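**Q** Below you will find the structure I want to go over with you.
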Amino acid sequence: KYEGQIVMHPDNTNILEKSVDPIEVRMRISMVFQKPNPFPKSIYENVAYGLRVRGENNKRMLDDKVEEALKGAALWNEVKDRQQDLAFNLSGGQQQRLCIARALATDPEIMLFDEPTSALDPIATANIEELMSELKNKLTILVVTHNMQQAARVSDYTAYMYLGELMEYGDTDTIFTRPTRKETEDYITGKFG
């Protein structure tokens, strides 16, 4: 059960209205999950998947969009000569970047990241965080993380939630240095968590 509104700009669409087509919403928003979830297909077909579902079959268009998405996910140089290899042959960090490329290929307005680095080593985590910092100049990114340091590094705005309730929202620097609620300060300072 939910209530309220989720409004997408620039057209001010409330995506919770019954009149809104959920397929349209899914086309405007992409999701990257906690654990990399490549499809049992080639690297190329993983990225092309969303485009094919939308009916794109033009080989030249698919090639261009796959390359653009792999470059956008900072993976192109590592896989350009082996796009027909199975996605499962990639490392965990590469698989996560492949999932980001798959999400980028359909030109979303918003990307949702659910704990995108929790299963990755520190080097892969740094790569994903750097990628998020670059992507936020092109689209809106919403990241769910329990890693406070990561939130401080990658976000412009932070929302602190506890047991499903929004406790505090604001500029990241303000939330981390001058929170207005004691609950937020207690979490940030490690008094509980």
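The values are calculated or read from the model by the stated rules, or taken from the named source; none is laboratory data. Values in this document were obtained by computation on a predicted structure and should not be read as measured data. Positions of Cβ are generated from backbone atoms using ideal geometry, with glycine treated the same way; all protein chains shown enter the neighbour counts.
**Q** Evaluate the range 52-63: report whether one residue or more is assigned by TED's automatic domain parsing to the domain that holds residue 106, in a loop (DSSP other than H, G, I, E, B), exposed (fewer than 10 other Cβ atoms within 10 Å of the Cβ) and at positive phi.
**A** Within the range 52-63, one or more residues are assigned by TED's automatic domain parsing to the domain that holds residue 106, in a loop (DSSP other than H, G, I, E, B), exposed (fewer than 10 other Cβ atoms within 10 Å of the Cβ) and at positive phi.
**Q** Report every pair of residues separated by at least 6 positions or lying on different chains whose Cβ atoms are under 9 Å apart, first residue within the range 72-83 and without any contact (Cβ under 8 Å) to a residue 40 or more places away in the chain, second part of a loop (DSSP other than H, G, I, E, B).
**A** From the range 72-83, the pairs are 75/90; 78/90; 79/85; 79/90.
**Q** Looking only at the range 68-95, how many residues end up being touching a strand residue (DSSP E or B) at 6+ places or on another chain (Cβ under 8 Å) and buried (at least 18 other Cβ atoms within 10 Å of the Cβ)?
**A** Here the count works out to 2.
**Q** Additional query: If you take the residues of the range 14-40 that are modelled with pLDDT of 90 or more and β-branched (Val, Ile, Thr), which of them is nearest to residue 96 (Cα to Cα)?
**A** In this case the residue turns out to be 32.
**Q** Have a look at 45, 68, 78 and point out the one that is in the same structural domain as residue 123 (by TED's automatic domain parsing), among the acidic types (Asp, Glu) and under 29 Å from residue 8 (Cβ atoms).
**A** Numbers: 45 fails: under 29 Å from residue 8 (Cβ atoms); 78 fails: under 29 Å from residue 8 (Cβ atoms).
Result of the check over 45, 68, 78: 68.
**Q** What are the residues in the range 61-105 that are farther than 21 Å from residue 129 by Cα, of a type in the set (Val, Ile, Thr) and out of contact with any Phe, Trp or Tyr (no Cβ under 7 Å at 6 or more places or on another chain), if any?
**A** Across the range 61-105, there are no qualifying residues.
**Q** So, in the range 145-173, of the ones that are among the aliphatic types (A, V, I, L, M) and either surrounded by 15 or more Cβ atoms within 10 Å (Cβ to Cβ) or modelled with pLDDT of 95 or more (or both), which residue ends up farthest from residue 183 (Cα to Cα)?
**A** It comes out as 154.
**Q** So residue 2 ticks every box in (1) in contact with a Ser or Thr (Cβ under 9 Å, 6 or more places away or on another chain); (2) touching a residue at least 12 places away in the same chain (Cβ under 8 Å); (3) over 22 Å from residue 102 (Cβ atoms) but one. Which box is left unticked?
**A** Tallying (1) in contact with a Ser or Thr (Cβ under 9 Å, 6 or more places away or on another chain); (2) touching a residue at least 12 places away in the same chain (Cβ under 8 Å); (3) over 22 Å from residue 102 (Cβ atoms), residue 2 fails exactly one: (1).
**Q** Is it true that residue 191 is within 19 Å of residue 74 (Cα to Cα) and assigned to a loop (DSSP other than H, G, I, E, B)?
**A** So residue 191 does not fit the description; no.
**Q** Taking only the range 1-29 into account, find how many residues are surrounded by fewer than 14 Cβ atoms within 10 Å (Cβ to Cβ), hydrophobic (A, V, I, L, M, F, W, C) and part of a helix (DSSP H, G or I).
**A** So the count comes out to 1.
**Q** How do the pairs read when you match residues in the range 146-159 that are among the charged types (D, E, K, R) with residues anywhere that are modelled with pLDDT of 95 or more and in a helix (DSSP H, G or I), using Cβ under 7 Å and keeping only pairs 6 or more apart or on different chains?
**A** Partner pairs satisfying both residue conditions: 156/172.
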